[in-house]
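Here's the structure we're looking at; comments come further down.
Every number in this text was worked out from the coordinates using simple rules, so none of it is lab data. Given the structure is predicted, the values throughout are model-derived calculations rather than measurements. Virtual Cβ from ideal backbone geometry, glycine too; neighbours counted across all protein chains shown.
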Amino acid sequence: MLFAQAPEPPIPIEIMPSSDQLYFQMVVKKQFAPTSQFNFFTVTTFTANYQNDMRKSSVLIPAQIQYEFGKKGFGVMAGGEMNSVIGFYPVFGPLHTYASKEFLAVTVATFYVNQEQDFKLFGLYEYKPVLSEKWTLYTRLQFIYNQSIREGDHNRSYLYLRAGLKKGPMIFGIGANLDQFGPDKQYRDSFGLFVRWELR
């Protein structure tokens, strides 16, 4: 007897232009094989200042190999991460993922193998209730908090909010990006309209 396999999650790509910068995000989660408990995961983001001011631009590229225990969503990951604040370092840590038709919840705790003993908490939470046969409400809360355990200094944090509508693979709406950088928590915000497409 053949059993239907769960469909692969889409690869969402998103852009949000604002008055002074362009934000881009791509999320990839792919199993190594249909029945494998190993998968590759990344949430790649960049913010590009229109004047190419590198002090106001940022890049964050994690690359993780994840292993999930059973079907409860708990697991561990190891890999590397590159960001424009602290550079590149190996990483490892625990994780939890929950996905249904209406909800998505991803939480990853990351320990950096570096002298500062950096730690990052990442969360991505979506709520997508169906409104009609063709339309779905789309909301998302996404955050990171990165801090040096050894020094006690703040490295990087953000809170990104989205609210919009989904029709087929396309999502559009309004967004807010609230960022803090460095030990002094230098604050920058950005507001605009976003467009997201789910690649299959």
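Things to note:
- Residue within region 154-177 that is in contact with a Leu (Cβ under 6 Å, 6 or more places away or on another chain) and within 21 Å of M77 (Cα to Cα) present: no
- Counting the residues of region 153-187 that are assigned to a loop (DSSP other than H, G, I, E, B), within 20 Å of L121 (Cα to Cα) and either of a type in the set (V, I, T) or touching a residue at least 60 places away in the same chain (Cβ under 8 Å) (or both) gives 1.
- Scanning region 104-127 for residues that are within 15 Å of the chain's Cα centre (by Cα) and among the hydrophobic types (A, V, I, L, M, F, W, C) returns L104, A105, V106, V108, A109, L121, F122, L124.
- In region 95-105, the residues that are in contact (Cβ under 8 Å) with a residue 12 or more places away in the chain and more than 15 Å from I65 (Cα to Cα): Y98, A99, K101, E102, F103, L104, A105
- Residues located in region 45-81, provided they are within 27 Å of A99 (Cβ to Cβ), more than 16 Å from the chain's Cα centre (by Cα) and among the charged types (D, E, K, R): E68, K71, K72
- Checklist (1) touching a Leu at 6+ places or on another chain (Cβ under 8 Å); (2) assigned to a loop (DSSP other than H, G, I, E, B) applied to R150, failing item: (1)
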